[in-house]
Amino acid sequence: MKKTFLNELRQHLAQLEENEREEILAFYEERFEIGTSYEGKTEEEIIDELESPAQIAKNVLRSYGYSMKTPVEKGPSTGGMVMVVLFDVLVAIWLVPMLFWLAVNLSITLGQLVFSLPGGATNAGQILSVLAMLSALAIWVLIVLWLYDAFIGFITWLIRWHVRVFGISHKSLMRMLKKFRASYWIKRQGFNRPKNVIKGIAAVTLLVTASSFFIVEGASAIQTGQTLADYEESYVSETPIAIETDLDTGGLDIRRYDGESIVVEKTVHEEADVDISFEDGTLLIENAFDDRFFTFNWLFSLFDHRDAKTTVFIPESLDVEHFDLKATNGTIDVEGFFSTSFKARTSNGAVELTDIESEDVAANSSNGRISLNTITAESIEAETSNGRISLRDSNAETIELRTSNGHITIERINTAENPGASFKTITSNGSIEAFNVYTSEAELKTTNGNIDFENEDRSHRFTTVDYHTTNGNAHVDVPRD
Amino acid sequence: MDKQLKKGVLQLCVLSLLSERDMYGYQLYQHINATLAISESTTYPILRKLVGKGLVDTYLEPSTQGPARKYFTLSDKGRLLQETLKKEWQTFKQNVDTLIGTGGEHNEEDIPE
């Protein structure tokens, strides 16, 4: 009876270290001795007096600071042992070295990343790069410590599982392993506060780091963008042609030259190549959309449009009937053509047209200026959102120039003898200057800016002059009916 | 009752009992249990801890009626601690009594608003 009781208690106290356990058992052994020898009780009576072995173990373990969450083991189980051995042979044998390797490698890789930071960030400013460097370093240290602790934690878990299944006393081993943890050491050395400070600094400057990473990325994109590739393709045509472009990166120049064939020169980044085709009299130049889409070239296009360029040379003898030009991040520059229709639009770049004769000329940009010189057309339309517009030395029946944030300059248009029908200049934040513009009707409107309108030849009379500015001075000095 | 407080008080009880005379484990438990009604299984770990801290020493005393018994006796260190703890307890008890006795009324002049 006494033996069963003590054995049961021993099993319930398996978590304790051996000497701790034996001492508690000795108490109870003594308890039995005293009870039987001095008080004349039977073992059964004593057991009735005592709490159950499970209850005793619970109280004892609690007073030793053991967690009661883990159920008290009923000794080693064969199934558990098989599992452990299988895990060791099949998983732990590679998982442990792999985790160690991973922790070390990640630390090294991150370290390399950190130490490579300032090189690219110099143009972002010395302070920013130093700050980014320091915060990245702090984050790196924390990550390395965390990785190290995670590894130790895994080893601890593994060992704990082993000893639990095999029923070995392991408290001191666990305590020893705990001491290997960086977090234990940091706590023990009273470095918790500095650690939190590092954490705080790291968190605050994380933003700076992230943004500087982008700057570094941008810088490297520009750098890789400098390795440009040049191509040249040429086509021969006898009959008038049309030119269509749809470019995402780079500027577009179209020029006359003294030669026999159409020549397309492209200076592009390899990751944003340009396709050129010439079919049925149409010269088509465009970016390979699929490539761009899948390789995220749009990201690079923000940086590399500055130096990428496509230049088209057209023989003097060859007519170009239609222009339909589109560029997204680049300037469109065309000079010296006679055509039926002319359209040019870009988003982040200027449109510059010189010596163009066409029925209609339309120029569009979102964030760039439009400058038109010596244009002869039935109608001229120019529209941009954030840029100025200038139209000079041109002839046109109807003119419409619109911008939201920019000046409009229009001068030397038509003659007093040969006036056009109408011109409209509309802007929101910018002044309008019109000199020597001869049409029947005129409309000049702005919200924040001055209006200046004057013609030298006083013989020409306007039928209507409509001008309006809300916050600016208007000086309109032209003869009208 | 607060766990830490209870532990501390029990420790003081054990030390105090041993300051009067040496006892063996069960005897000690019986003495405490006569007035405090605690479980046996919480007494033994306390004893063991006191031994571990060097506050209590043990010796074996042969008995005429049965096997030798393990007696517990206070060390000098234990005696010193017992005296300190006892004073602390008395002050504490007095303060608590004052609080309880006055029903929470205290010397208003000492308390900042």
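The values are calculated or read from the model by the stated rules, or taken from the named source; none is laboratory data. This is a predicted model, so every value here is computed, not measured. Glycine gets a Cβ as well: all are built from the backbone with ideal geometry, and neighbour counts include every protein chain shown. These accessible areas exclude ligands, DNA and RNA; they are computed on the full protein's heavy atoms, side chains included. Shrake-Rupley method; radii C 1.70, N 1.55, O 1.52, S 1.80 Å.
Can you tell me which condition A:THR249 does not meet? The list is (1) surrounded by fewer than 14 Cβ atoms within 10 Å (Cβ to Cβ); (2) within 34 Å of the chain's Cα centre (by Cα); (3) in a loop (DSSP other than H, G, I, E, B), and all the others hold.
In the conditions (1) surrounded by fewer than 14 Cβ atoms within 10 Å (Cβ to Cβ); (2) within 34 Å of the chain's Cα centre (by Cα); (3) in a loop (DSSP other than H, G, I, E, B), A:THR249 misses (1) alone.
Given A:ARG31, A:ARG21, which one is within 10 Å of chain B (Cβ to nearest Cβ), under 19 Å from B:THR58 (Cβ atoms) and buried (at least 19 other Cβ atoms within 10 Å of the Cβ)?
The match here is A:ARG31.
Could you give every pair whose Cβ atoms fall below 6 Å, whose first residue belongs to the stretch A:85-103 and is assigned by TED's automatic domain parsing to the domain that holds A:TRP161, and whose second residue is part of a helix (DSSP H, G or I) and of a type in the set (A, V, I, L, M), counting only separations of at least 6 or pairs across chains?
Close Cβ pairs (under 6 Å, with a partner that is part of a helix (DSSP H, G or I) and of a type in the set (A, V, I, L, M)) amount to A:ALA103/A:LEU147.
Can you find, within the stretch B:66-87, the residue that is most open to solvent (accessible area, probe 1.4 Å) among those that are part of a strand (DSSP E or B) and closer than 14 Å to A:ILE34 by Cα?
Here the answer is B:LYS70.
Across the stretch A:34-43, what is the total count of residues that are more than 10 Å from chain B (Cβ to nearest Cβ) and either assigned to a loop (DSSP other than H, G, I, E, B) or hydrophobic (A, V, I, L, M, F, W, C) (or both)?
3
Taking the criterion of being at pLDDT 75 or above, open to solvent by 40 Å² or more (accessible area, probe 1.4 Å) and among the β-branched types (Val, Ile, Thr), would at least one residue in the stretch A:103-117 satisfy it?
yes
Just need a number here: residues in the stretch A:456-470 that are surrounded by fewer than 16 Cβ atoms within 10 Å (Cβ to Cβ), touching a strand residue (DSSP E or B) at 6+ places or on another chain (Cβ under 9 Å) and over 14 Å from A:SER422 (Cα atoms).
4
Does A:ILE47 satisfy being more than 10 Å from every other protein chain (Cβ to nearest Cβ), at pLDDT 85 or above and either open to solvent by less than 50 Å² (accessible area, probe 1.4 Å) or not in a helix (DSSP H, G or I) (or both)?
yes
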